1. Please compute, for the alpha-carbon atoms of region 75-156, the extent along each of the three principal axes and give them in descending order in Å.
2. Report the Cα-based extents of region 178-243 along its three principal axes, largest first, to the nearest Å.
3. What's the ranking of 242-253, 154-165 by average number of surrounding C-beta atoms within 10 Å, highest first?
4. Report the antiparallel proportion of the DSSP beta bridges in the chain as a percent, rounded to a multiple of 5.
5. Rank by packing, highest mean first: peptides 48-56, 19-27, 115-123, with packing defined as the count of other Cβ atoms within 10 Å averaged across residues.
6. Which far-off residues, 5 or more places away or on another chain, put their amide H under 5 Å from the one on Asp55, with H placed in the peptide plane?
7. For Ala108 and Ala198 in the same chain, what is the full-extension length gain: residue separation times 0.36 nm, less their Cα-Cα distance, in nm?
8. Quickly estimate the mean residue ellipticity at 222 nm for the chain, helices only: each DSSP H run with n ≥ 4 gives -39500 (n - 2.57), and the total goes over all residues, rounded to 500.
Amino acid sequence: MSQAPFAVTLVTLFPDMARAVTDFGVTRRAVENGLLALETVNPRDFTEDRHRTVDDRPFGGGPGMVMKVAPLEKALLAAREGNPGARVIYLSPQGQPLTQAKAVALAAQPGLVLLAGRYEGVDERLLDAQVDEQVSIGDYVLSGGELPALVLIDAVSRLLPGVLGHQDSAEQDSFSGEFEDLLDCPHYTRPEVYQGQAVPEVLLSGNHERIRRWRLKQALGRTWQQRPDLLERRRARGLSNEEQQLLDEYIAEQSS
Ligand SMILES: Nc1nonc1C(=O)N1CCN(Cc2ccccn2)CC1
């Protein structure tokens, strides 16, 4: 029996941006297969003035504009009505970091309402009244919350049952399963030699155990080199004897 789609409602002044999810790739297939449903609600449709005003000058002065409470509140109530029980998230640099663990937690929710802010942000009273949590995709300032929302939707969608076929299995991703918290290993495909560079022979050996060990060694080594913070997280959970041995080998090879 097919399950109900995972419902996401994006509250945004630019609903056409949702096409980045609904019209391309894995997430497009998820929508077509009824695993993901993405609706948009535009606060401008809930304005009552001739100019369809959604922003206003900040109390206390200062640059830029702030998104008004009233249109947002009506838009969020409409979004929640169409997505009962959904968790309401505001994308913002003030939010908690989006990590794979957070994506896993969000994929387990009944649904999501994502509020994409523009301008200098949203009236704080709206956030206090309507938002469950704030999420940031990184410590940099963008022009709006739509791209962060689309990033979050992509990360969550890949975790929904049935979205990824075995070909593009999520298990081999850097942040899940045996490779959890590790950077990815190198990938190769035809031709076997490109500009004099040959594919590592182990990958042509057909020896799946050797291949698994090589990939794990590369993932551990690259994480050691590029993201020691992630390796520490993995170490805190304990490296297996095999993982420690592979990492030691990799480090020894780097200094030889
Ligand atoms: N980095 C990020 N990760 O999530 N969102 C972002 C991000 O840069 N933005 C741009 C500014 N928007 C409006 C805004 C401005 C100030 C305070 C609160 N909201 C929110 C979304």
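1. Computed over the Cα atoms, the extents are 32, 29, 18 Å.
2. If we take the Cα atoms of region 178-243, the spans are 39, 24, 14 Å.
3. 154-165, 242-253
4. 15
5. With the highest mean Cβ count within 10 Å placed first, the list reads 115-123, 19-27, 48-56.
6. Lys68
7. Contour length minus Cα-Cα distance gives 28.1 nm.
8. -11000 deg cm²/dmol, from helical runs alone.
Here, each number is a calculation from the coordinates, and none is a lab measurement. Quantities reported herein were computed from a predicted structural model and do not represent experimental measurements. Neighbour counts run over all protein chains shown; Cβ positions are idealised from the backbone, glycine included.
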